[in-house]
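What follows is calculated from the coordinates using simple rules that are stated; it is not laboratory data. Computed from a predicted model, the values in this text were never measured in an experiment. Backbone-built Cβ (ideal geometry, glycine too); neighbour counts: all protein chains shown.
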Amino acid sequence: MVEQSIYPTDMEMVITASQVDFFYGPTQALFDISLLIPAKHVTALIGPSGCGKSTFLRCLNRMNDTIPHSRVEGTITINQKDIYAPGTDVVELRKEVGMVFQKSNPFPKSIFDNVAYGPRIHGEKDPKRLAEIVEQSLQQAAIWDEVKDRLHANAMGLSGGQQQRLCIARALAVGPKILLMDEPASALDPKSTMRIEDLIGELRTNYTIVIVTHNMQQAARVSDYTAFFYEGGLIECDATPKIFTNPRQKQTEDYITGRFG
Amino acid sequence: MKTNNTADTFILLALRLITYAIVLVIGYILFDIIRHGATALNWQFISSFPRRSGAAGGIFPAIVGTFYLVIGTIAVSLPLGIGGAIYLAEYAEQNRFNTLIRLAIVTLAGVPSIVFGLFGLGIFVLFCGFGPSILAGSLTLACMVLPTIIVASEESLRAVPKGFRDASLALGATKWEMIRTNILPYSLSGMITGSILGIGRAAGETAPILLTVAAFYLPRLPKSVFDQVMALPYHLYILATQHPEADRIRHMQYGTALILLLLVLGLSLGAILIRTHFRKKYRW
């Protein structure tokens with residue numbers, strides 16, 4: 001059952017997961033997940049390590065396809081399209097659904113080439129247009145001012161926090177509507193973390209963001225809705241203030257009050 | 001670290017001595033070859049044809065022959081080996097068939113070189129009808145170095161961090177686009193370095209070329225890939241063991257050995273230069 005009652009009735013839902021099971025070979029990692037994700041809001045997935053939150057996130061852009069012997073059951077639709085239907089163009093899906101990883105992973109190329117990578121593989125050749133996209137994406141990721149004078153320097157020379165914002169810019173350059181973030185700040189110092197969180201706050205006006213985090217304060221700070229995962233199941237999902245002040249489930253309360261996890 | 005640990009001190013000393021011993025042996029071999037070979041080295045030795053069955057004159061055609069064989073081996077083995085490695089590292093699933101392929105490759109690396117020679121004779125020289133020729137010799141040497149190239153290339157591919165792959169795919173790259181743009185550029189140096197070291201070793205092999213390409217004496221240079229050539233290792237083998245005046249032409253033997261050594265060292269040096277160049281270009 002997909003719970004709709006927690007969202008305002010006129011809210012547009014971008015992602016619908018219903019009865020999703022996920023298997024790594026014989027091991028089941030997700031059990032019967034049904035979840036709605038609203039457009040242009042931030043949804044946080046929280047839960048202890050190994051609870052399946054990252055696995056679920058990686059189902060949304062089919063990154064789990066690369067894992068041998070993995071299997072998805074149930075339905076996930078994005079903009080009313082079943083993304084696991086036969087004949088789905090994974091490349092088109094990933095253009096629509098960008099991803100930022102836990103460990104910042106810029107390519108060992110120049111800052112410019114990093115951001116231009118996506119547009120280039122999707123066929124953009126015009127240097128003027130590429131330069132526009134690169135500038136716009138770096139602006140959006142709030143890193144333009146720091147790198148505009150060294151666009152052709154190697155991205156590996158940036159600090160950890162800058163690298164992560166560059167990775168966000170690189171994801172935005174492809175023009176996605178949805179941004180998946182897998183613990184994007186967990187390897188960063190508090191100041192860089194704050195900048196990423198501010199950035200998420202800016203991006204939510206234009207993008208649907210799903211963020212996995214094990215940092216509950218972060219979930220409370222950046223998200224509108226929070227889904228709590230535990231042992232491969234979705235325990236509950238609700239408006240973030242409600243989850244953190246008045247959860248319906250005992251397990252959620254135990255987790256957010258720090259009794260386990 | 002404890003400073004009064006006698007066992008530790010002893011192990012360190014023993015390991016150090018073993019290392020020195022190895023370096024000493026290699027150093028002595030090099031010194032011996034250079035000392036005896038240097039007297040034979042001059043422009044005429046490098047640039048002229050042998051006379052009196054190699055007892056006098058130079059080794060020019062053998063240098064050219066080995067050079068051609070190296071080029072031929074690279075041309076055949078590099079694309080095949082790198083292609084195979086890409087398949088094994090990036091596409092092949094972990095199943096019984098692919099485990100068998102890997103096992104075959106590792107086994108191939110342990111096959112004695114004379115067996116490759118016989119294989120080349122049977123398949124390329126006789127069955128394919130190439131006759132003793134540069135083509136047959138290069139193909140045989142290529143078979144011999146393939147395992148080295150595949151193993152080195154596969155390791156090099158696997159060394160590329162998973163983050164680059166994930167990021168590429170997540171940006172909507174197809175698998176081949178990911179490999180072409182974000183894996184090959186970073187692993188190519190490792191592939192080429194490993195391959196050249198393997199080919200350098202093959203360049204010094206006698207057995208595989210003995211039956212497939214090498215001639216003891218040819219009055220002219222080869223004109224096509226279907227011609228036989230002289231080659232340095234085979235020339236050295238004949239001068240040192242089969243020549244009636246073997247005892248009196250030591251300087252010719254050492255001179256040939258020195259040239260062969262320089263050729264292999266040159267290849268290794270090339271490999272190192274390629275590696276440092278790419279290391280500077282792509283750092284992570």
Can you classify segment B:1-142 as rounded, prolate or oblate using the Cα gyration tensor, where a ≥ b ≥ c are the square roots of its eigenvalues, rounded means a/c under 1.5, and otherwise it's prolate if a/b beats b/c and oblate if not?
oblate
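Provide a whole-number value for the mean count of partner chain Cβ atoms within 10 Å of the Cβ atoms in peptide A:173-179. Please report the intermediate quantities before stating the final value.
Details: counts 1, 3, 0, 3, 0, 0, 0.
Going residue by residue through A:173-179 and averaging, the value is 1.
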Classify chain A as rounded, prolate or oblate from the Cα gyration tensor: take a ≥ b ≥ c as the square roots of its eigenvalues, call it rounded if a/c is under 1.5, otherwise prolate when a/b beats b/c and oblate if not.
prolate
Can you tell me which of A:29-42, A:242-255 comes out highest on packing, and rank the rest after it, using the mean Cβ neighbours within 10 Å?
A:29-42, A:242-255
Inter-chain Cβ neighbour average for residues A:85-98, partner chain, 10 Å:
2
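Taking square-rooted eigenvalues a ≥ b ≥ c of the alpha carbon gyration tensor, is segment B:193-257 rounded, prolate or oblate, where a/c under 1.5 means rounded and, failing that, a/b exceeding b/c means prolate? Intermediate values should be presented prior to the final figure.
Details: a/c = 2.23, a/b = 1.27, b/c = 1.75.
Since a/c reaches 1.5 but b/c is at least a/b, the shape of segment B:193-257 is classed as oblate.
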Which value, in debye to the nearest 20, describes the size of the charge dipole of chain B about its Cα centre when Lys and Arg Cβ atoms bear +1, Asp and Glu Cβ atoms bear -1, and nothing else is charged?
560
Obtain the nm distance between the two label points defined at residue B:176 and residue A:71 by a simple spin-label model: each point lies 7 Å from its Cα along the Cα-to-C-beta direction.
3.0
Size of the dipole of chain A about the Cα centre, Lys and Arg at +1 and Asp and Glu at -1 on the beta carbon, nothing else charged, in debye to 20?
560
Put +1 on the Cβ of every Lys and Arg and -1 on every Asp and Glu Cβ in the protein assembly as shown; which of A:15, B:20, B:84 then has its Cα farthest towards the positive end of the dipole?
B:20
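Based on the Cα coordinates of the protein assembly as shown, what is the per residue volume of their convex hull in Å³? Please report the intermediate quantities before stating the final value.
Values: hull volume 127.4 nm³, N = 545.
So the per-residue Cα hull volume is 234 Å³.
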Lysines near residue A:148 by alpha-carbon distance under 22 Å, same-chain residues fewer than 8 away left out - which ones?
A:109, A:125, A:128, A:191, B:281
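In peptide B:159-168, what is the residue-averaged number of other protein chain Cβ atoms found within 10 Å of each Cβ? All intermediate terms of the calculation are to be shown ahead of the outcome.
On the way: counts 0, 1, 3, 4, 8, 4, 2, 8, 13, 5.
Per residue, the number of nearby Cβ atoms from other chains is 5 on average.
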Beta bridge orientation in the protein assembly as shown: antiparallel %, DSSP, nearest 5:
60
Got the relative contact order for segment B:58-281 handy, in percent, Cα pairs under 8 Å and 6 or more residues apart?
29
Between residue B:47 and residue B:118, what is the label-to-label distance in nm when each label sits 7 Å out along the Cα-to-Cβ direction?
4.5
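Nearest 0.05, what FRET efficiency do residue B:21 and residue A:19 give at R0 = 60 Å with Cβ-Cβ as r? All intermediate terms of the calculation are to be shown ahead of the outcome.
On the way: r = 68 Å, r/R0 = 1.14.
After rounding to 0.05, the efficiency reads 0.30.
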Taking chain B as a Gaussian network, Cα atoms linked when under 10 Å apart, which of B:227, B:166, B:247 shows the biggest mean-square fluctuation?
B:166
Cα centroid distance between segment A:119-163 and segment B:127-191, in Å?
31
For chain B, set up a GNM with springs between Cα atoms under 10 Å and report which of B:168, B:138, B:189 has the largest fluctuation.
B:168
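Determine the dipole magnitude for the protein assembly as shown: charges of +1 sit on the beta-carbon of Lys and Arg, -1 on that of Asp and Glu, nothing else is charged, the reference point is the Cα centre, and the result goes in debye to the nearest 20. If you can, show how the numbers build up before the last one.
Working: 49 positive and 43 negative charges, 403 e Å.
Its charge dipole is roughly 1940 debye.
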Dipole-positive endmost among A:153, A:91, A:67 within segment A:51-159 (Cβ charges, Cα centre)
A:67
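Tell me, what does the Kirkwood hydrodynamic radius of chain B come to in angstroms if you use every pair of distinct C-alpha atoms?
Over chain B, the inverse of the mean reciprocal pair distance is 21.4 Å.
So what is the 222 nm mean residue ellipticity for the protein assembly as shown from helices alone, if each DSSP H run of at least 4 adds -39500 (n - 2.57) and you divide by all residues, rounding to the nearest 500 deg cm²/dmol?
Details: 22 runs with 281 residues, N = 545.
Taken over the protein assembly as shown, the calculation gives -16500 deg cm²/dmol.
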If R₀ is 25 angstrom, what is the calculated FRET efficiency for the pair residue B:280 and residue A:149, using the beta carbon separation as r and rounding to 0.05?
0.65
Dipole of segment B:58-281, positive end: most advanced residue of B:101, B:213, B:270 [Cβ charges, Cα centre]
B:270
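Can you give the FRET efficiency for residue A:39 and residue A:82, using 1/(1 + (r/R0)^6), R0 = 22 Å, r = Cβ-Cβ distance, to the nearest 0.05?
Details: r = 18 Å, r/R0 = 0.82.
The value I calculate is 0.75.
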